[in-house]
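Please read the structure below before turning to the comments.
Nothing in this text is a laboratory measurement; each read-out follows from the coordinates by a stated rule. Fair warning: this is a prediction, and the values are worked out from it, not measured in the lab. Don't worry about glycine lacking a Cβ; one is built from the backbone with ideal geometry, like all the others, and counts go over all protein chains shown.
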Amino acid sequence: MLKALVFDMDGTITVLKLPLEAMRRDTKQFYISKGFPTDGFEECDGISSSTGKAREYFLSNGYSEDDWNRMESEVDVILSQHEGFAAANAVPINGALDVIQKVRDAGLKTAILTNNGRPALEKIVKQLPLHEYFDMIFTRHETPKPKPFPDGLLKVASELGVEKNEVVYIGDALIDGTAATRAGIEFWGVATGETPADKLFAAGASRVFTSLSEVLDAALENS
């Protein structure tokens, strides 16, 4: 029986305003500036896959974990700058918070798991009362490893006190589906952000919706 819904944020709860292409570009350029081979990245590599490739390269070429951690902290600053601009202009997707309230009224627990950083999240909650709608909000700064790793989802489920088969993760991106699949948690896609329905199915979604109102109906059917 479904007891909790965990949501991605950008493109799922809030209108997608992150400059994702610029963030991906700047991440790659940073690692290249530190010595990563210029032909080592593929065009399809996102922030997480680029970081994974860079970590493997640098640690196998004489860099220590401390060296890597310092490098990753510099990348975090770059990403936070981009996120800060988007956060200052955050607005909810039309009807999203009403849907979340109805989910809570039905007795289900709710949470957000986002790869945004905590500074950006703090800017967003000054404009949007997200804490009134969610039992917890985890950013990349509160999870052992960010999406597409499963760590964050597993930590959220544990904190909510639910089993993996009692929670669904809902998101608009391929990275969301990958994280859910790796965690052994069901993934529902919403085509409200950057990814079309067919690609969400390919990423492991058991169901794909065009709006969160459709998610509400599905959640009530399974709770």
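Just a few scattered comments:
- Projecting the Cα atoms of V215, L128, A205 onto the charge dipole of the chain, computed from C-beta unit charges around the Cα centre, puts L128 farthest toward the positive end.
- Relative contact order (%) - the chain, alpha-carbon pairs under 8 angstrom, separation at least six: 26 percent
- With a cut-off of 19 Å on the backbone N, the residues of the range 36-61 near the modelled label site 7 Å out from Q29 along Cα-Cβ are 36-51, 54.
- Computed from the C-beta positions of W68 and M1, the FRET efficiency with R₀ = 45 Å rounds to 0.60.
- The label point for A202 and the one for E214, both projected 7 Å from the Cα toward the Cβ, are 1.9 nm apart.
- Cross-linked pairs K126/K155; K53/K155; K102/K123; K28/K53; K17/K102: Cα-Cα separations exceed 22 Å for K126/K155; K53/K155; K102/K123; K17/K102.
- Here E214, E42 are placed in order of increasing Cβ neighbour count within 10 Å, fewest first, which gives E42, E214.
- Computed FRET value (nearest 0.05) for D39 with A88, which takes r as the C-beta separation and R₀ as 25 Å: 0.10
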